[in-house]
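Derivation of every value follows stated rules applied to the coordinates shown; laboratory data play no part. Just so it is clear, the model here is predicted, and its values are computed rather than measured. Positions of Cβ are generated from backbone atoms using ideal geometry, with glycine treated the same way; all protein chains shown enter the neighbour counts.
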Amino acid sequence: MKGGDPVKEFLSRRGVPFTDKNVREDPAALEELRAMGYSAVPVTIVDGQRIVGFDREAIERATS
């Protein structure tokens, strides 16, 4: 993605630790995404809550 990944940039700016899984480079990560029923990225998971896309407000609430 041009300009970087907005979810990673947002979490980094807020000082929130995260694990990045690249579905293009990691077949196991792609399978994990599919097993959850998703075919689009990003999917952000915070304490079991799944947030699809870059939903700044939802990510902010989940990480506060």
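In region 1-57, what GluC sites (Glu not before Pro) fall in a loop by DSSP, with at most 11 other Cβ atoms inside 10 Å?
Details: sites: GLU9, GLU25, GLU31, GLU32, GLU57; in loops: GLU25.
Passing sites in region 1-57 are GLU25.
For Cα extents along the principal axes in Å, the candidate list reads [x] 30, 27, 17; [y] 37, 22, 19; [z] 64, 22, 20; the entry that matches the value derived from this model is [x]. Put a dot 7 Å past the Cα of ARG50, heading toward its Cβ, do the same for ARG24, and the two dots end up 2.3 nm apart. Spacing of the modelled spin labels on SER39 and ASP5, each 7 Å from Cα toward Cβ, amounts to 2.2 nm.
Under the rule that an exposed site lies in a DSSP loop and has at most 11 other Cβ atoms within 10 Å, name the longest stretch of the chain with no trypsin sites (Lys or Arg not before Pro) of that kind, not counting the sites themselves.
Values: sites that count: LYS2, ARG24.
Of all site-free stretches, the longest is 25-64.
Between amide H atoms placed 1.01 Å from N, distances below 5 Å from VAL46 occur with ILE51, all of them 5 or more places distant or on a separate chain. Across region 17-25, computed HN-Hα scalar couplings (Karplus, 6.51 cos²θ - 1.76 cosθ + 1.60, θ = phi - 60°) run x, 8, 10, 9, 10, 9, 6, 6, 9 Hz from first to last residue, x flagging Gly and Pro. Its DSSP H runs of at least 4 residues, each contributing -39,500 (n - 2.57), put the calculated 222 nm mean residue ellipticity of the chain at -11500 deg cm²/dmol, to the nearest 500.
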